[in-house]
Amino acid sequence: MYNKIRTSLVITIALCCSFTFSGCGYNTMVTLDEGVKGAWGQVETQLQRRMDLIPNYVETVKGYAAHEKETFVQVTEARSKVAGAGSIPEKIQANNQLTSALSRLMVVVERYPDLKANQNFIALQDELAGTENRISVARMRYNEAVKTYNVSIRKFPQNIIANMFDFERAEFFEAPKEAKEVPKVKF
């Protein structure tokens, strides 16, 4: 009789510990998952800020460089793709294309010294540069949150809980290959 009570007590304690540890692991994963979503929200906030600045920037440059139509079309098309992107990977790819188009626009700007001296353009360029810095910081924080989350769901024993509750790996925000190339400026 004493052995049955003792065995039951050990099983009960083991089950309680198991549920406690799995609950803690689950709660940690939920917290990290929400951290990833929050960090992505910050990236989107900064990307939207950039999206709002781009039309004014392009219009200002258009006034000085009317014959650079192809570059303006590329920026506009890339901006439209960003607006139409649905999933995080699609948004990442679309924003990488927009970043590439903006770098080509900056090359156009370098060709027009009068434009670079225009006060409205300088103010817009400063706003856009500040926004690009904010985007960079938000992307870095997002990638840090993704790393922490991905490591958590892959570690033992959390990986068992992650599989049970369908926690999936999050995607990193990676720079496009074109971003590694130095833009060529011709005068």
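Remarks
- Cβ pairs under 8 Å, 6+ apart, first in the range 165-182 and part of a helix (DSSP H, G or I) and surrounded by 13 or more Cβ atoms within 10 Å (Cβ to Cβ), second of a type outside the set (Phe, Trp, Tyr) and at pLDDT below 90: GLU178/ASN96; GLU178/SER100; GLU178/SER103
- Top-ranked residue of the range 128-164 - restricted to ones that are hydroxyl-bearing (Ser, Thr, Tyr) and touching a residue at least 60 places away in the same chain (Cβ under 8 Å), ranked as nearest to GLU174 (Cα to Cα): TYR142
- Residue pairs whose Cβ atoms lie under 6 Å apart, separated by 6 or more positions or on different chains, with the first residue in the range 92-103 and on the phi < 0 side of the Ramachandran plot and the second modelled with pLDDT under 85 and aromatic (Phe, Trp, Tyr), are ILE92/PHE173.
- Checking VAL30, VAL107, VAL75 one by one, the residue that is modelled with pLDDT of 75 or more, of a type in the set (A, V, I, L, M, F, W, C) and touching a Ser or Thr at 6+ places or on another chain (Cβ under 9 Å) is VAL107 and no other.
The rows are residues; the columns are (1) at pLDDT 80 or above; (2) among the charged types (D, E, K, R); (3) within 23 Å of ASN159 (Cα to Cα).
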{"site": "TYR26", "(1), (2), (3)": "yes, no, yes"}
{"site": "GLU34", "(1), (2), (3)": "yes, yes, yes"}
{"site": "GLY38", "(1), (2), (3)": "yes, no, yes"}
{"site": "GLY41", "(1), (2), (3)": "yes, no, no"}
{"site": "TYR57", "(1), (2), (3)": "no, no, no"}
{"site": "THR60", "(1), (2), (3)": "no, no, no"}
{"site": "LYS69", "(1), (2), (3)": "no, yes, no"}
{"site": "SER80", "(1), (2), (3)": "yes, no, no"}
{"site": "ALA85", "(1), (2), (3)": "yes, no, no"}
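This table checks each residue for (1) at pLDDT 85 or above; (2) of a type outside the set (Gly, Ala, Ser).
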{"site": "SER103", "(1), (2)": "no, no"}
{"site": "PRO113", "(1), (2)": "no, yes"}
{"site": "ASN120", "(1), (2)": "no, yes"}
{"site": "ASP126", "(1), (2)": "no, yes"}
{"site": "GLU144", "(1), (2)": "yes, yes"}
{"site": "VAL151", "(1), (2)": "yes, yes"}
{"site": "PRO157", "(1), (2)": "no, yes"}
{"site": "PHE173", "(1), (2)": "no, yes"}
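The values are calculated or read from the model by the stated rules, or taken from the named source; none is laboratory data. Predicted model only: the values in this text are computed from it and were never measured. Counting neighbours? That spans all protein chains shown, and the Cβs are built from the backbone with ideal geometry, glycine included.
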